[in-house]
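Here the structure is laid out as structure tokens; the discussion comes afterwards.
The values are calculated or read from the model by the stated rules, or taken from the named source; none is laboratory data. Quantities reported herein were computed from a predicted structural model and do not represent experimental measurements. With ideal geometry, Cβ positions are generated from the backbone for all residues, glycine too; neighbour counts draw on all protein chains shown.
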Amino acid sequence: MRRYRTPLLLALGLAALIVAPIGQGNYIVYTLCSWLIFSIAATGLNLTLGYAGQISLAQASFMAIGAYITALMTLNGVHWLLAMPCSMLACFAVGLALGFPALRVQGHFLAFVTLAFNTLVFLVLRNEDWLTGGVYGLVGMERPGFGLFDTSKQLHFYYFTVAVFAVALAGMWWIVRSPWGRAFKALRENPIRAESLGVDTRRLTLLAFAIGSAYGGLAGALVAPLVQFIEPGSFALVHSLRLLLMVVVGGAGFFFGPVLGAAVVILLPEVLRFTEGYYLILYAGSVIVLMVFCPTGLIGVYGRLRQRLFPQRVVRGDMATGPQL
Amino acid sequence: MNAPAMNALPPVLTVRNLSKSFGAIRAVRDVSFDVRRGEILGLIGPNGSGKSTLFNCILGQLAPDGGAVAVNGRPISGSRASTLNKLGVGRTFQQLSVFPDMTVLDNIIVAGQEHHGSMLSRLFGPPDAGLTEEAERLIEFFRLGHLAHEKAGSLSYGQQKLLDAAMAFMAGPGLVLLDEPAGGVNLTMLGSLKERLLTYNAEHGTTFVVIEHNMEFVMSLCSRIIVLAEGAIIAEGSPEEIRADQRVIDAYLGG
């Protein structure tokens with residue numbers, strides 16, 4: 001039974017994603033798209049923050065790099081299927097270049113360095129208008145077509161996003177369950193011990209940061225055709241903070257944490273809209289309450305509930321094995 | 001391998017004129033010694049005698065002010081801990097250093113996986129890096145088999161100490177430095193730990209350097225003992241010789 005639970009849950013989740021937009025208006029489908037896209041970016045940030053334990057405030061700038069590269073390439077007639085990997089590669093390379101010096105500092109200092117980088121990217125996008133269109137941004141990117149399947153309709157684009165989302169998460173699943181994932185966990189739990197066991201912590205952290213950045217680039221490559229209009233303001237620091245919030249609210253270090261977190265950060269404001277002026281207060285209040293009572297995020301809440309309702313066996317090895325060892 | 005042939009090989013660990021000061025305090029003064037292949041060397045001394053500083057200088061956690069350290073004749077001064085580990089040096093820590101949120105099996109696998117294949121092959125290869133069997137054998141050897149799938153953090157202190165030691169062995173090191181392996185471990189478990197270490201040493205010929213406070217443990221585990229006091233070596237010899245050495249007795253009694 002246990003063996004089938006995960007595949008069953010995954011199938012149910014995918015089915016829910018397929019059914020969700022049916023019969024909904026364009027706006028809701030658009031919101032669902034942006035939830036999935038932000039989930040991809042937050043999943044990347046989760047690798048950096050949740051698995052490798054590094055605070056980055058630059059994820060939105062990697063989305064920007066991905067979005068602008070995709071926009072510029074597709075505007076010049078290159079197909080999205082080529083523009084997307086270019087965006088990811090560019091973000092991976094920029095992640096390496098930024099991470100190499102930046103990851104020598106950790107914790108709050110790394111947060112400041114990445115914050116500065118986010119601001120730098122924002123300024124470049126705003127001021128280099130010969131390339132980026134400055135404050136007016138870039139408009140008119142066409143949505144990609146794949147032979148008979150054209151994504152210009154909102155619903156079609158949604159299914160296209162679901163497919164990319166599924167592939168992106170499968171890729172992350174692969175990384176996290178590989179020996180790399182184990183090394184990431186070891187690094188987070190006790191970096192000094194990990195290093196003494198031969199884990200090249202510096203290189204591994206750098207790779208986590210670069211892969212996380214590439215996921216930001218992928219998300220950006222989807223934002224460009226979704227909105228069909230990008231401008232620097234969409235990738236300002238506040239969006240990096242929102243991505244950080246998604247990871248933390250959902251549960252840093254849990255695989256599906258960022259997906260859940262993105263749902264809360266993007267969908268909750270829509271749900272609370274009926275309260276009109278109060279929704280921001282309610283929203284902020286619930287986030288604070290969550291962080292105070294369950295710092296491991298929503299997935300952590302679930303874990304606690306499960307522990308309370310269906311207590312697991314807790315080993316007291318010293319009692320169970322007696323004096324032998 | 002018989003004893004004379006062993007002695008013909010270069011020492012596993014060579015420490016030459018190692019010194020380290022913290023301000024006016026000379027924690028380690030001009031310490032030199034060799035560790036021969038396959039031996040279990042004990043490093044003892046009263047509190048503040050410089051054992052831990054010496055250990056940290058050897059392992060590259062602290063930069064010594066002077067002197068040199070070599071493993072199998074290869075200088076290792078200034079090497080990072082991960083590089084040292086790849087050269088076949090395993091270690092344990094004074095404080096518990098297991099990964100509490102990972103299973104016992106994963107703790108052991110992570111201790112060996114970086115020695116198998118390249119960074120890329122570890123990403124695309126099997127999730128356990130093909131090490132499950134080997135890890136299970138080691139876990140079984142340290143009598144933790146029934147706990148293989150439990151979180152390391154849920155084990156008793158003594159069991160975690162044992163796991164901590166087991167992790168140092170996973171990569172098949174030629175030299176293992178144990179930092180107070182007996183600290184806080186109860187008597188029965190201490191006996192098992194000693195017995196397992198002796199068996200491992202006999203079976204694999206692995207060289208050990210042990211820092212320890214527990215005299216009985218050191219005396220019965222080690223084949224040779226070096227005594228430090230105020231940062232310098234004051235005595236060296238077999239457990240029997242050390243037990244009878246007046247300088248050692250004085251140092252411990254604060255004479």
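Assorted remarks:
- A:Ala224 being in contact with a strand residue (DSSP E or B) (Cβ under 9 Å, 6 or more places away or on another chain) and either in contact (Cβ under 8 Å) with a residue 40 or more places away in the chain or of a type outside the set (Ser, Thr, Tyr) (or both): yes
- Each residue in the stretch A:294-318 was checked for being at pLDDT 70 or above, part of a helix (DSSP H, G or I) and either surrounded by 10 or more Cβ atoms within 10 Å (Cβ to Cβ) or of a type in the set (Ser, Thr, Tyr) (or both), and 11 of them qualify.
- The selection criterion, being touching a residue at least 24 places away in the same chain (Cβ under 8 Å), of a type in the set (Asp, Glu) and farther than 17 Å from B:Val12 by Cβ, holds for B:Glu212.
- For the stretch B:34-44, the count of residues that are at pLDDT 90 or above and surrounded by fewer than 16 Cβ atoms within 10 Å (Cβ to Cβ) is nonzero.
Yes or no, residue by residue, for (1) within 29 Å of A:Arg188 (Cβ to Cβ); (2) free of Cβ contacts under 8 Å to residues at least 12 places away in the same chain; (3) in contact with a Leu (Cβ under 7 Å, 6 or more places away or on another chain):
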| site | (1), (2), (3) |
| --- | --- |
| A:Leu57 | yes, no, yes |
| A:Met63 | yes, no, no |
| A:Gln106 | yes, no, no |
| A:Arg126 | no, no, no |
| A:Asp129 | no, yes, no |
| A:Tyr136 | no, no, no |
| A:Glu142 | no, no, no |
| A:Gly145 | no, yes, no |
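- Verdict on A:Leu110 being in contact with a helix residue (DSSP H, G or I) (Cβ under 7 Å, 6 or more places away or on another chain) and buried (at least 17 other Cβ atoms within 10 Å of the Cβ): yes
- If you filter the stretch A:196-209 down to residues that are of a type outside the set (Ser, Thr, Tyr) and surrounded by 24 or more Cβ atoms within 10 Å (Cβ to Cβ), you find that the one that is farthest from B:Gln95 (Cα to Cα) is A:Phe209.
- When the criteria are applied in full, B:Ser223 meets the requirement of being within 20 Å of B:Pro11 (Cβ to Cβ) and at pLDDT below 95.
- Of all residues in the stretch A:227-247, those that are surrounded by fewer than 24 Cβ atoms within 10 Å (Cβ to Cβ), in a helix (DSSP H, G or I) and not charged (D, E, K, R) total 10.
- Of the set (1) under 15 Å from the mean Cα position of the chain (by Cα); (2) part of a strand (DSSP E or B), all apply to B:Leu84 but (2).
- Taking the criterion of being aliphatic (A, V, I, L, M) and over 26 Å from A:Val113 (Cβ atoms), the residues of the stretch A:169-219 that qualify are A:Leu169, A:Ala170, A:Leu197.
- Counting only helices (runs of 4 or more DSSP H) that sit wholly inside the stretch A:56-168, those with at least 1 residues that are closer than 16 Å to A:Leu226 by Cα and of a type in the set (A, V, I, L, M, F, W, C) are A:59-75, A:80-102.
- Enumeration of residues in the stretch A:199-235 that are of a type in the set (Val, Ile, Thr) and within 12 Å of another protein chain (Cβ to nearest Cβ): A:Val199, A:Thr201, A:Ile211
- Verdict on B:Gln95 being more than 30 Å from B:Thr14 (Cβ to Cβ) and polar (S, T, N, Q): no
- Boolean, B:Leu190 is at pLDDT below 90 and among the hydrophobic types (A, V, I, L, M, F, W, C): yes
- Cross-chain or 6+ apart pairs with Cβ under 8 Å, the stretch A:171-198 first and more than 7 Å from chain B (Cβ to nearest Cβ), then among the acidic types (Asp, Glu): none
- Pick from the stretch B:46-73, criterion surrounded by fewer than 22 Cβ atoms within 10 Å (Cβ to Cβ) and under 9 Å from B:Val28 (Cβ atoms), ranking: farthest from the chain's Cα centre (by Cα): B:Asp65
- Residue match in the stretch B:233-243 (condition: within 13 Å of chain A (Cβ to nearest Cβ) and more than 27 Å from B:Thr132 (Cβ to Cβ)): no
- Matching residues in the stretch B:117-159 - criterion: being at the interface with chain A (Cβ under 8 Å from one of its Cβ atoms) and within 24 Å of A:Gly171 (Cα to Cα): B:Met119, B:Arg122, B:Leu123, B:Phe124, B:Gly125, B:Pro127, B:Asp128, B:Ala129
- Any chance A:Gly171 is modelled with pLDDT of 95 or more and surrounded by fewer than 20 Cβ atoms within 10 Å (Cβ to Cβ): yes
- Qualifying position, being farther than 25 Å from A:Leu237 by Cα and in contact with a helix residue (DSSP H, G or I) (Cβ under 7 Å, 6 or more places away or on another chain), among A:Gly134, A:Gly198, A:Gly147, A:Gly171: A:Gly198
- Here the stretch B:165-193 is the region considered, the condition is being under 19 Å from B:Phe99 (Cα atoms) and part of a helix (DSSP H, G or I), and the residue that is nearest to the other protein chains (Cβ to nearest Cβ) is B:Met167.
- Complete set of residues in the stretch B:229-245 that are within 9 Å of B:Ser49 (Cα to Cα) and part of a strand (DSSP E or B): B:Ala229, B:Ala232
- Members of the stretch A:22-55 that are assigned to a loop (DSSP other than H, G, I, E, B), over 21 Å from A:Val94 (Cα atoms) and touching a Ser or Thr at 6+ places or on another chain (Cβ under 8 Å): none
- The criterion of at least 3 residues that are free of Cβ contacts under 8 Å to residues at least 60 places away in the same chain and surrounded by fewer than 21 Cβ atoms within 10 Å (Cβ to Cβ) is met by the following helices (runs of 4 or more DSSP H) wholly inside the stretch B:90-164: B:119-124, B:132-141.
- One residue alone among B:Gly78, B:Gly88 is within 22 Å of B:His204 (Cβ to Cβ), touching a Gly at 6+ places or on another chain (Cβ under 8 Å) and more than 9 Å from chain A (Cβ to nearest Cβ), and that residue is B:Gly88.
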